[in-house]
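Worksheet: the structure to be examined is printed underneath.
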Amino acid sequence: MRRRLATAGLLDIADKLDAATRLDLEDGVRLFESPDLLAVGWLANRVRERLHGPRTFFNHNIRLEATNVCVANCLFCSFARLKEGDPGSYTMSLEQAWSKLRQRLDQPITEVHIVNGLHPTLPFSYYTDLLAGFKAIRPDIHLKAFTAVEIAFFADLYGMTDEQVLRALMAAGLDSLPGGGAEIFAPRVRRKICDDKCDGDRWLAIHRTAHRLGMRSNVTMLYGHIETHAERVDHMLRARALQDETGGFQAFIPLAFHPDNNQMRKLPAPSAADSLRTHAVARLVLDNIPHVKAFWIATGVEVAQASLWFGVDDLDGTVQEERIYHMAGARTPEALTTGQIRALIADAGREACERDTLYNLIPA
Ligand code: SF4
């Protein structure tokens, strides 16, 4: 393998990894630009197996997007509608939202994952009541809810600090933050694709605060649109730096850009090779974030399965009723059963491990 790594121009990076020396921006860019995808994957797989062996995690969850009304205008978004009443817009009543869980009380779901548009007129009590209602239905359910973009929006709309918003939501039942809204932290890209929502520094500051308050969270990266390889690695390095401070991130989740029904539809979607490589580079650069997750809704089930040999150790969950990616043209199923997830992990030669949101194992 050393000869192959040398031919690929990656021998010094392999030596750095062996010596537990951190990769830098230039190393990350070279991993993106090396012609030998399998050599990059081999290096990432080595780290993945050192951390997790064959174990591959997933959870039994549902998604809820309570409203798609959103005052922002992110160019890559196919989900949002600007105003109530616009074609395709919706806002669930609290009863409608709660019924998503109530209908599934016979299923051993451990998590509700909630993200929404930035609705300009709903009262803050809509969100606190939403959380409290889910807890009343299933007190043991883990509520992973509201991206840092939503937290920033709530703070500005309701005249609170970011910390006051987080504390109020935690008092109502919030358990952790999802990793969405990170997109690409680099200001050049953010200005072009999502200028009217919180910037990368505030996104990171909100997660810093959430970690200080005792919550765990994840961090995503939207890739495959106008960003450069250097900007992808820069994104990873900013996440790595915050993780050095707090240790609160559980997983890094690359999210493949989907071009249907949005303002960036002229761009192609990232290829399978790009997706595999992006997950692999994340595993190599992020030496302090325990899990790299393939969100199978975004990558496609087949790429997610292959990624289990490219640094990925987590496949998210059963999901159920995902709208954001399906409105952007995702042709993946809307849900996988736990049996289907276990089978696709086993078919890849890995060991399926059901977990809860905080990575406690759930007996099969
Ligand atoms: S990505 Fe989020 S913030 Fe941006 S337009 Fe869509 S729903 Fe709104």
Counted residues, the stretch 181-239 - those being among the β-branched types (V, I, T), more than 15 Å from the ligand (Cβ to nearest atom) and either part of a strand (DSSP E or B) or in contact (Cβ under 8 Å) with a residue 12 or more places away in the chain (or both)
4
Please go through (1) more than 18 Å from M215 (Cα to Cα); (2) aliphatic (A, V, I, L, M); (3) in contact with a helix residue (DSSP H, G or I) (Cβ under 6 Å, 6 or more places away or on another chain); (4) surrounded by 17 or more Cβ atoms within 10 Å (Cβ to Cβ) for L131 and return the number of the only condition it doesn't satisfy.
(1)
In the stretch 252-285, residues that are under 23 Å from I13 (Cβ atoms), surrounded by fewer than 24 Cβ atoms within 10 Å (Cβ to Cβ) and touching a strand residue (DSSP E or B) at 6+ places or on another chain (Cβ under 7 Å) total 1
Condition test on L82, is it over 27 Å from A148 (Cα atoms), aliphatic (A, V, I, L, M) and either touching a Ser or Thr at 6+ places or on another chain (Cβ under 8 Å) or without any contact (Cβ under 8 Å) to a residue 60 or more places away in the chain (or both)?
no
Could you give every pair whose Cβ atoms fall below 6 Å, whose first residue belongs to the stretch 333-353 and is closer than 16 Å to P108 by Cβ, and whose second residue is not in a strand (DSSP E or B) and not hydroxyl-bearing (S, T, Y), counting only separations of at least 6 or pairs across chains?
A335/Q320; T338/H60; A352/R342; A352/I345
Scan A269, A273, A298, A230 and give me the residue that is of a type outside the set (D, E) and closer than 17 Å to G41 by Cβ.
A273
Could you tell me whether E354 is modelled with pLDDT of 95 or more, more than 16 Å from the ligand (Cβ to nearest atom) and on the phi < 0 side of the Ramachandran plot?
yes
Check on R48, more than 16 Å from the ligand (Cβ to nearest atom), outside any loop (DSSP other than H, G, I, E, B), touching a helix residue (DSSP H, G or I) at 6+ places or on another chain (Cβ under 9 Å) and within 30 Å of A364 (Cβ to Cβ)
yes
For the stretch 56-90: of the residues being of a type in the set (S, T, Y) and within 13 Å of the ligand (Cβ to nearest atom), which is surrounded by the fewest Cβ atoms within 10 Å (Cβ to Cβ)?
Y90
Of the candidates T161, T128, T121, the one satisfying the condition of being within 16 Å of the ligand (Cβ to nearest atom), modelled with pLDDT of 95 or more and not basic (K, R) is T121
Taking the stretch 131-158 and keeping only residues that are free of Cβ contacts under 8 Å to residues at least 24 places away in the same chain and within 14 Å of the ligand (Cβ to nearest atom), one is left with D156
Condition check: under 29 Å from A251 (Cβ atoms) and within 14 Å of the ligand (Cβ to nearest atom). Does A97 satisfy that?
no
Please tell me if E65 is at pLDDT 95 or above and more than 20 Å from the chain's Cα centre (by Cα).
no
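The values are calculated or read from the model by the stated rules, or taken from the named source; none is laboratory data. Please read all numbers here as calculations on a predicted model, not as lab measurements. Ideal geometry is used to build each Cβ from the backbone, glycine not excepted, and the neighbour counts take in all protein chains shown.
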